[in-house]
1. Nearest 10 degrees, 0 to 90: what angle lies between the long axis of helix 259-270 and the longest principal axis of the chain (Cα atoms)?
2. Lys and Arg at +1, Asp and Glu at -1: add these up for the other residues within a Cβ distance under 12 Å of Gln43 and post the number.
3. A 23 angstrom limit on the alpha carbon distance is what I want to check against. Which of Lys146/Lys174; Lys121/Lys204; Lys233/Lys275; Lys139/Lys233; Lys198/Lys233 exceed it?
4. What does the charge add up to near Phe270, with Lys and Arg as +1, Asp and Glu as -1, over the other residues with Cβ less than 11 Å from its Cβ?
5. Could you tell me the relative contact order of the chain? Use alpha-carbon pairs under 8 Å, at least six residues apart, and round to a whole percent.
6. Please report, in debye to the nearest 20, how large the charge dipole of the chain is about its Cα centre when each Lys and Arg carries +1 at its beta carbon and each Asp and Glu carries -1 there.
7. Can you compute 3J(HN,Hα) from phi for each residue in the range 37-54, using the Karplus curve 6.51 cos²θ - 1.76 cosθ + 1.60 with θ = phi - 60°, rounded to whole Hz and x for Gly and Pro?
8. Rounded, prolate or oblate: which one fits the range 125-276, using the alpha carbon gyration tensor with axes a ≥ b ≥ c (rounded when a/c is under 1.5, else prolate when a/b beats b/c, else oblate)?
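Here, each number is a calculation from the coordinates, and none is a lab measurement. Note that the structure is a prediction, hence the values are computed from the model and not measured. Cβ atoms come from the backbone with ideal geometry, glycine included; neighbour counts cover every protein chain shown.
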Amino acid sequence: MRTLTALFLLLSFTLSAQVTTTVNTAPFIFGEALTFHSKILDQERVLNVHLPDGYADSTLSYPVIYVLDGSANEDFPHIAGLAQFMNMYDLLPQSIVVGIANNGRSRYHDFTGPTQSDSDKVWVPTYGGAADFIGYLEKEVEPMVKEHYRTSGHRTLIGQSLGGLLGMEVLFTKPELFDDYILVSPSLWWNNGALAAKADAWVKQHATSPKRVFIAYAPDDAMMQAQIDHVVKSIRENAKAPFEFWKEPFPEESHATILHRAVYKAFEDFYPQPKK
């Protein structure tokens with residue numbers, strides 16, 4: 001009996017050894033990171049970059065999609081993956097995706113301007129860095145991307161929540177920095193809605209600017225709904241071609257879950273496909 005047991009164990013071990021496969025592991029590389037010292041922000045900063053398929057084997061130039069909150073553990077891999085997926089089916093022009101990474105928790109400083117609201121100051125005591133951050137985008141980020149990659153000159157900015165607030169401020173103060181603006185659940189409640197209050201004057205001045213603006217929001221964005229509605233009304237009443245605008249509610253989503261569907265829909269609206 002002991003002999004049969006020993007033979008069974010030996011056979012089991014032999015069969016197990018026969019199906020064992022040697023496995024080698026290697027990093028899965030989805031992009032590259034540029035690390036540098038920002039003179040404007042006086043900080044080490046990172047740009048995460050995803051290049052379109054075939055970039056290395058071509059001489060083509062590509063549009064650039066800039067993503068705020070673009071760290072590796074934030075929105076960058078999601079938007080880069082979305083762009084890569086849509087590229088496979090020719091739903092989006094082949095594009096370079098640049099994630100503008102945050103530095104620690106500095107997004108609360110970088111994405112907010114001055115405020116007269118006491119509650120804002122309590123919630124974000126480090127507020128007020130938006131002007132410097134916009135200077136960083138203009139004088140360091142865009143020139144660096146242009147220097148290192150073959151860019152076509154067409155630029156899209158994507159921002160959500162406080163990133164959407166910053167995106168709106170770029171649109172209203174430095175609209176020439178980007179051609180397309182995708183603003184998802186923008187936190188326009190900041191500073192008692194002061195930025196949204198500038199919409200009428202700005203839109204009238206830039207009524208025929210060749211910009212494309214997409215604004216999305218979810219049901220739990222109620223605290224900035226009045227400001228979003230005011231911006232939408234200003235654009236709809238004053239903007240004319242070639243200015244293009246889309247407003248998209250996502251009733252099944254929340255402030256936390258809206259990003260993927262909103263960006264996909266924005267790209268569909270920006271690059272409509274012929275009906276089959």
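1. So the helix axis and the longest Cα principal axis differ by about 60 degrees.
2. Result for the local shell: -3.
3. Lys121/Lys204; Lys233/Lys275; Lys139/Lys233
4. -3
5. 15 percent
6. Computed charge dipole of the chain: roughly 320 debye.
7. Running phi through 6.51 cos²θ - 1.76 cosθ + 1.60 with θ = phi - 60° gives 9, 7, 5, 5, 8, 6, 8, 6, 10, 10, 10, 9, 10, 10, 9, x, 4, x Hz.
8. rounded
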